[in-house]
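The next block holds one structure in the form of structure tokens; read it before the comments.
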Amino acid sequence: MREDPPEPVRLADYRPPEFLIDEATLEFRLEPRATVVEARLAVRRNGDHRRPLRLDGENLEIVSVALDGRPLSAVEYSLDATGLTIAGAPDVFALQTVVRIDPQANEALEGLYMSGGRFCTQCEAEAFHKITFFPDRPDVLAKFTVRIEADRRFARLLSNGNLIDSGNLAGGRHFAVWNDPFPKPCYLFALVAGELDLLEDSFVTGSGRTVALRIFVDPGMGPRASYAMDCLKRAMRWDEEAFGREYDLDLFMIVAVREFNAGAMENKGLNIFNSALLLADPATATDLDYERIEAVIAHEYFHNWTGNRITCRDWFQLCLKEGLTVFRDQSFSADQRGHAVQRIKQVMALRARQFAEDSGPLAHCVRPASYMKIDNFYTSTIYEKGAEIIRMLNLLLGEADFRRGMDLYFDRWDGHATTVEAFIDCFAEISGRDLSDFFAWYEQAGTPRLSIAAQFDEAAGALDLSLTQVTAPTPGQPQKRALPIPIALGLIDEEGRPLMDTRVILLESAQQNVRLEGIERRPILSALRGFSAPVNLETDEPGRNRYVILAADPDLFNRWEAAQKLAAELILGRAGGAPDDVGEERFAEAMSRSMADQSADPALKALLLALPSEGDLAVMAQPADPAAIHEARDLLRARFAVHVGDQLRRLHGGLQEAGEFSADAHAAGRRALRNAALELLAADPHGENRERAVGHFDAAANMTDAIGGLTALMLMGGADFDAALARFYDRWRDEPLVIDKWFQIQARSPAVDALARVEALTQHPDFDAKNPNRLRALIGAFAFGNPARFHDPSGAGYRLLADHVLAVDRFNPAVAARLLEPLAAWTRYTPALGALMRAELERVVASPGLSKNVLEQASKALG
């Protein structure tokens, strides 16, 4: 019998905090197995109620409790599994608690834990209460003063804000005192203590202040933080210029840690990063690593204003800080690396995770109405779709009014915890527009399907467009409203010449007719330019028009989109039993012409060479047959590779680099194109290409090319791949972040023995499921990134994933719940596969002692 999930938390039940904390003074006496935390809180009642004081707390051993300096006996307070209650508290008082915790035993990596022999914290969303008793909610903002005492072998003692005192103590110990002058919710608290190397720099703000910049890393890793430091300085300058936001403290710090559940955390003045998203040099990091580091450094820094200075009233408003900050980091990356290329990459990521999420039982609103564990809502919907909403708002209002609305938001809500409604109200006030209908994007789950039918009136020189939208039902929302959809569109003629520059049409109802006049020749519609809204687009344009768009559309996103749709139609047609040899030949010829365009950005060419992923194709072809999709996609790759093989080999040879490595966008684009050419050549069975891949791997002077060669060999399989894997491992066995890549590339192998290989790798001495990076590199990469082998007809891939979900749930529920996601897609696959996936979900739900995190996800997935 399935256990009934606990009652969810509901947005409709929100109530302001009953008590506020004005000042929090914390003292940590750090010991790995027995850390003592003393908290002195300045508390006041919020309102005229007489309810008792309730503080959250979990796994805390009470040493003492005192009210206004008077120790309380055990009968004067009550303690349960989730917190501390004190009846009869006065309206204003000082509360002192002393607790003992065990960081060494904290394998959930939430609260205060040990990582690589160092103390580290992670408190978002609700984990501060695992450190001390406190109202663990984002709308209680306090000023924090923190004293840290530890053995001197923990050389660095770090926390938020400014260092105001430090020194040595008797017995080989020392201390440091930190003060953060800005009120913040407890989820932004941070502490790190341990032996760390330091990379230092400084930044002069627009107003002339000098900010000290410090990045702390594992001993010996200082040089690998140089790129992160450069990214930080560029992000600081960009935020001043683009949003008028200047950094507010005299010190900004980042610490890299080895074990971290997420990518990074924006704690005020002391960002804590997963080492994988901070450390880089050409020998150990790929261009993708460099690009991700740049984006995540910017994201966490931008949170200083969109998340820290202005924070969320409650966790239902999570998109208020995350979606907005993703929009900001995406805008920064576009300015750094090229708008068209970055937009394509953003949409690829959105479709791969968010569109898939929206089409299954885990679909949810950008601003959800309820949750059981907020950890489960750190999703692509909250982040990436949340960013798409901000992008649409910017498009609708124009950049000038959007900037004025942001300025009003910063001025009005600085120092407060607020809501999405308050954010949108700022733009409505500035622009004078009624944005109440636009708010539905936050409250309605699902991906709208936008259809455009076009009819050209040659006599009148006009194009009539019929626009319709429909959103399929999602869990809890059987009926859908029409959404305001901004559609950026242009027109070109059959020779590829522009007929109409981009204009934005707002579809505000389920159906709408639009007439475009002054059209001189029969037009080809270029719709949804720049992917102006997160929708699935259907048009009645004949397929031949996509070839014109691919060759000539001034909107580079739509060129790429045309190639993707042409390829998808060919692959899905063949997977459904209707091969189109003529279409495949024409597609290859068109792509060959695109590759020959000397004016095109190499990074864009690299993206054009990549066919739609098997995961994206599965979302398009419900019910999906992963084996048929894999076979059809491989066949198109092979035909494509044979047709343009000589051109690909010339590209591969001509783009070989000599000289010093550069991480800039142009150099990275050239490497991306060279490696994409080699990856496509791997589909051509000729022996020359195998030798080329071996030579590429052997000659690689940087990690990008090493992984490029290894990927090509992985796709071809055989003894050459195994030999390259062995050489790679022998060289990098002492580099954990590189060995993650070694696990990951094997997990994504399309070979028929991939599942057996993954199962064997779980017994490898270097595999550690308690390290989130290593777990994601093997089990996550297999389940998310190898659909052909994960969806083994026997169900063995599903069993492997479910077994790991259950095992990891015993010590790290947050990571286990995220790992479950591929099984939740069971409704999208053939009945036979769906039944096997559902059976594993049933087994997970029926397991005793399941965490709330996994229980919520698995129960929702089952429906």
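The values are calculated or read from the model by the stated rules, or taken from the named source; none is laboratory data. Given the structure is predicted, the values throughout are model-derived calculations rather than measurements. Cβ coordinates were reconstructed from backbone atoms using ideal geometry, including for glycine residues, and neighbour counts include every protein chain displayed. When the accessible area is computed, the model is the full protein with side chains, heavy atoms only, and any ligands, DNA or RNA have been set aside. Shrake-Rupley method; radii C 1.70, N 1.55, O 1.52, S 1.80 Å.
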**Request:** On a C-alpha basis, how far is the centre of region 1-77 from the centre of region 695-754 in Å? Whole number, if you could?
**Result:** 50 Å
**Request:** At a Cα cut-off below 20 Å, give the lysines reachable from residue 143, other chains included and same-chain residues fewer than 8 away excluded.
**Result:** 130, 184, 268
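Below 8 Å between Cα atoms, with a sequence gap of 6+, how large is the relative contact order for the chain in percent? Intermediate results must be reported in sequence, preceding the final value.
Details: 1687 pairs, mean separation 75.9, N = 863.
In percent, rounded to a whole number, it is 9.
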**Item:** residue 514-residue 416 pseudo-label distance in nm [points 7 Å out on the Cα-to-Cβ vector]
**Value:** 3.6 nm
**Asked** Expressed in nm², what is the orientationally averaged projection area of the convex hull enclosing the Cα positions of region 543-651?
**Response** 6.6 nm²
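Quote to one decimal, in nm, the extra length available between residue 593 and residue 400 on full extension: 0.36 nm per residue of separation minus the C-alpha distance between them.
On the way: separation 193, 0.36 × 193 = 69.48 nm, distance 3.94 nm.
Stretched out fully, the residue 593 to residue 400 stretch lengthens by 65.5 nm.
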**Item:** On Cα atoms only, tilt of 645-654 relative to the major axis of the chain in degrees
**Value:** 50 degrees
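Just to verify a number: FRET efficiency for residue 569 and residue 540, C-beta to C-beta distance, R0 = 25 Å, to 0.05? If you can, show how the numbers build up before the last one.
Values: r = 14 Å, r/R0 = 0.58.
Efficiency, from the Cβ-Cβ distance: 0.95.
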**Message:** What whole-number volume per residue, in cubic angstrom, does the convex hull of the C-alpha atoms of region 216-264 give?
**Reply:** 101 Å³
**Fill in**
In Å, the Kirkwood hydrodynamic radius from C-alpha pairs for region 472-595 sits at 16.2 Å
**Prompt:** Translational D (Stokes-Einstein, µm²/s) of region 656-809 at 10 °C and 1.306 mPa s when Rh comes from the Kirkwood sum over C-alpha pairs?
**Reply:** 97 µm²/s
**Prompt:** If you find the alpha carbon centre of region 304-374 and of region 615-664, how far apart are they in angstrom?
**Reply:** 28 Å
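Leaving ligands, DNA and RNA out of it, report the carbon-plus-sulfur percent of the accessible area of region 728-791 at a 1.4 Å probe. Write out the running numbers ahead of the final one.
Values: 1240 of 2620 Å².
Ligands and nucleic acids excluded, carbon and sulfur reach 47 percent.
Ignoring ligands, DNA and RNA, what percent of the accessible area of region 390-483 is carbon or sulfur (1.4 Å)? If you can, show how the numbers build up before the last one.
Working: 1940 of 4150 Å².
That share works out to 47 percent.
How far, in nm, would the chain grow between residue 15 and residue 660 when pulled straight, counting 0.36 nm per residue and subtracting the alpha carbon separation?
Working: separation 645, 0.36 × 645 = 232.20 nm, distance 5.88 nm.
In short, 226.3 nm is gained.
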**Request:** Taking the chain as the reference, fit the longest principal axis to its C-alpha atoms, fit the long axis of helix 581-595 to the helix C-alpha atoms, and give the angle between the two in degrees, 0 to 90, nearest 10.
**Result:** 70 degrees
**Pair-distance profile P(r), taking every C-alpha pair of region 1-109, with 10 angstrom steps and integer %** = 12, 38, 31, 17, 3, 0
**Asked** Projected onto the charge dipole of region 1-138 (+1 at Lys/Arg Cβ, -1 at Asp/Glu Cβ, origin at the Cα centre), which of 105, 82, 62 gives the Cα projection farthest towards the positive end?
**Response** 62
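If you average the sequence gap of Cα pairs under 8 Å that are 6 or more apart and divide by the length of region 133-212, what percent do you get for the contact order? Could you put the intermediate results ahead of the total?
Working: 137 pairs, mean separation 27.4, N = 80.
With pairs under 8 Å counted, the relative contact order is 34 percent.
Helix-derived [θ] at 222 nm for the chain: sum -39500 (n - 2.57) over DSSP H runs of at least 4, divide by residue count, nearest 500?
On the way: 28 runs with 335 residues, N = 863.
After summing the helix terms and dividing by the residues of the chain, the value is -12000 deg cm²/dmol.
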**Message:** Restricted to Cα positions, what overall size does region 731-842 have along the principal axes? Three whole-Å values, descending.
**Reply:** 45, 32, 19
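Cβ neighbours within 10 Å, averaged per peptide: list 333-339, 515-521, 353-359, 708-714 in order, most packed at the top. Mind dumping the intermediate values first?
Values: 333-339: 17.7, 515-521: 14.0, 353-359: 22.1, 708-714: 24.3.
Per-residue mean Cβ counts within 10 Å order the peptides as 708-714, 353-359, 333-339, 515-521.
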**Complete:** For region 788-863, the Kirkwood Rh over every pair of distinct alpha carbons, in Å, works out to 12.1 Å
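Could you check how many percent of all C-alpha pairs in region 272-397 are farther apart than 22 Å?
Working: 3088 of 7875 pairs.
For region 272-397, the fraction of Cα-Cα distances above 22 Å is 39 percent.
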**Request:** From largest accessible area down, sort 414, 540; use a 1.4 Å probe on the protein chains.
**Result:** 540, 414
**Prompt:** If you average over every viewing direction, what projected area does the convex hull of the Cα atoms of the chain give, in nm²?
**Reply:** 36.9 nm²
**Complete:** For region 109-217, the dipole about the Cα centre with charges only on Cβ (Lys and Arg +1, Asp and Glu -1), to the nearest 20 debye, works out at 220 debye
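Relative to the Cα centre, what is the charge dipole magnitude of region 1-121, using +1 at the beta carbon of each Lys and Arg, -1 at the beta carbon of each Asp and Glu, and rounding to the nearest 20 debye?
Working: 14 positive and 21 negative charges, 47 e Å.
Charge dipole, region 1-121, about its Cα centre: 220 debye, nearest 20.
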**Complete:** Rounded to the nearest 10 degrees, the helix 420-431 long axis (Cα) sits at an angle to the longest Cα principal axis of the chain of 60 degrees
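Once you charge only the Cβ atoms, +1 for Lys and Arg and -1 for Asp and Glu, what is the size of the charge dipole of the chain about its Cα centre, to the nearest 20 debye?
On the way: 95 positive and 125 negative charges, 154 e Å.
With Lys and Arg at +1 and Asp and Glu at -1, about 740 debye.
Using a 1.4 angstrom probe on the protein heavy atoms only, line up 321, 770 by accessible area, largest first.
Details: 321 0, 770 90 Å².
From most accessible down to least: 770, 321.
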**Request:** Could you list the square roots of 5 times each eigenvalue of the Cα gyration tensor of region 25-183, that is, the equivalent ellipsoid semi-axes, sorted largest first and rounded to whole Å?
**Result:** 27, 17, 16
**Request:** For residue 436 and residue 226, calculate 0.36 nm times their separation in residues minus their Cα-Cα distance, and state this gained length in nm to one decimal.
**Result:** 71.0 nm
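Could you give the accessible area per residue of the chain, probe 1.4 Å, as a whole number in Å²? Display every interim value, and only then the final one.
Working: 32750 Å² over 863 residues.
Per-residue accessible area for the chain comes out at 38 Å².
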**Request:** Could you work out the per residue convex hull volume over the alpha carbons of region 601-721, in cubic angstrom?
**Result:** 110 Å³
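Could you estimate the translational diffusion coefficient of region 339-404 from the Stokes-Einstein equation, with Rh from the Kirkwood formula over C-alpha pairs, at 4 °C and 1.567 mPa s, in whole µm²/s?
Numbers: Rh = 13.3 Å.
Answer from the Stokes-Einstein relation: 98 µm²/s.
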**Request:** Putting +1 on Lys and Arg Cβ atoms and -1 on Asp and Glu Cβ atoms, find which of 678, 196, 751 reaches farthest to the positive end of the dipole of the chain.
**Result:** 196
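In percent, how large is the relative contact order of region 731-837, given Cα pairs closer than 8 Å and 6 or more residues apart?
Details: 107 pairs, mean separation 22.9, N = 107.
Rounded, it is 21 percent for region 731-837.
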**Asked** What residue among 181, 609, 550 has its Cα farthest toward the positive end of the dipole of the chain, where the charges are +1 on Lys, Arg and -1 on Asp, Glu, each on the Cβ?
**Response** 181
**Request:** Mind checking which lysines have their Cα closer than 19 Å to the Cα of residue 480? Skip sequence neighbours fewer than 8 apart in that chain.
**Result:** 385
